Amino acid sequence: MPQENSRQQLKALLQLAYSAERAAALAYRGHWHSVVDVDERARIKQIEEEEWHHRELVGAMLEKLGAQPNKQREFRALLIGRALAFGCHVMGWFLPMYGAGRLESRNVREYETAARYARDCGHEEFIDNLLMMAEVEWEHEYYFRSRVLVHSFGKRLNLWPAPPPKETIRQTFARETEQALTLVEAAG
Ligand SMILES: [Fe+2]
Ligand SMILES: [Fe+2]
């Protein structure tokens, strides 16, 4: 049953995201404490708060799906988040900025995928928040990329692929939804 399949996929992806947000928020807490520049501290602190907010939103979705966070993943996220937070104090300035940017680019796609599953299993009420989170992750990626690129070493590096422009997140989703509807109508 395709709808049940999408529901299961959505649940699994949200469980992953829920714990990943914990690891990210904890890591960013260490990160902003480790940087000296006032603007960088403020922005990364704000990013930490945004990750906690995402976790809350994803948690509410899981609850609505009748699902629990995965205990093992939660514990792992705690360890990873704390290890990264500590790492930020010893790794210097560049590596945490680079690592964060790389990870954030993956988060954008994850929330876009979750929005598709939500649409396909009839949870349209999740879509707006999922796309909003994809957009916020896009801004996180943009920020860390911009930081990496102010560094002389970063300028010479071949960075991870840049996500397409932010507007395309909602545009692509709307186009796909329209195409899916056309297919359903044609089949009927
Ligand atoms: Fe997030
Ligand atoms: Fe993020």
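The values are calculated or read from the model by the stated rules, or taken from the named source; none is laboratory data. Model, not experiment: these values are computed from the prediction. Glycine also receives a Cβ, built like all others from the backbone with ideal geometry; neighbour counts cover every protein chain displayed. Calculation scope for accessible area: heavy atoms of the full protein, side chains included, ligands and nucleic acids excluded. Shrake-Rupley method; radii C 1.70, N 1.55, O 1.52, S 1.80 Å.
Residue under question is ALA174, and the condition is that it be hydrophobic (A, V, I, L, M, F, W, C) and either within 16 Å of ligand 1 (Cβ to nearest atom) or buried (at least 20 other Cβ atoms within 10 Å of the Cβ) (or both); does it hold? So ALA174 fails the test.
Counting only residues that are among the charged types (D, E, K, R) and open to solvent by less than 30 Å² (accessible area, probe 1.4 Å), segment 14-47 holds 2 of them.
Does segment 144-161 contain any residue that is closer than 11 Å to GLY101 by Cβ and within 14 Å of ligand 1 (Cβ to nearest atom)? Yes: segment 144-161 contains one or more residues that are closer than 11 Å to GLY101 by Cβ and within 14 Å of ligand 1 (Cβ to nearest atom). Here is a list of conditions, (1) of a type outside the set (Phe, Trp, Tyr); (2) loosely packed, with under 15 Cβ neighbours inside 10 Å; (3) farther than 24 Å from GLY87 by Cα; (4) under 16 Å from the mean Cα position of the chain (by Cα), and LYS11 meets all of them except one; can you say which number that is? The failed condition is (2).
On the given criteria, is GLU141 charged (D, E, K, R) and either surrounded by fewer than 17 Cβ atoms within 10 Å (Cβ to Cβ) or in contact (Cβ under 8 Å) with a residue 60 or more places away in the chain (or both)? Please lay out each step first, then the result.
Values: charged (D, E, K, R): yes; either surrounded by fewer than 17 Cβ atoms within 10 Å (Cβ to Cβ) or in contact (Cβ under 8 Å) with a residue 60 or more places away in the chain (or both): no.
Criteria not met by GLU141.
In summary, GLY101 fulfils each of the numbered conditions (1) farther than 28 Å from ILE169 by Cα; (2) buried (at least 21 other Cβ atoms within 10 Å of the Cβ) with the single exception of condition (1). Within segment 128-135, one or more residues are more than 14 Å from ALA17 (Cβ to Cβ) and open to solvent by 20 Å² or more (accessible area, probe 1.4 Å).
Could you list all residues from segment 48-89 that are within 16 Å of ligand 2 (Cβ to nearest atom) and either open to solvent by 60 Å² or more (accessible area, probe 1.4 Å) or not in a helix (DSSP H, G or I) (or both)? Across segment 48-89, the qualifying residues are GLU49, TRP52, HIS53, GLU56, ILE80, LEU84. Residues that are open to solvent by less than 80 Å² (accessible area, probe 1.4 Å) and not basic (Lys, Arg) within segment 151-171 comprise HIS151, SER152, GLY154, LEU157, LEU159, TRP160, ALA162, PRO163, PRO165, THR168, ILE169, listed in sequence order.
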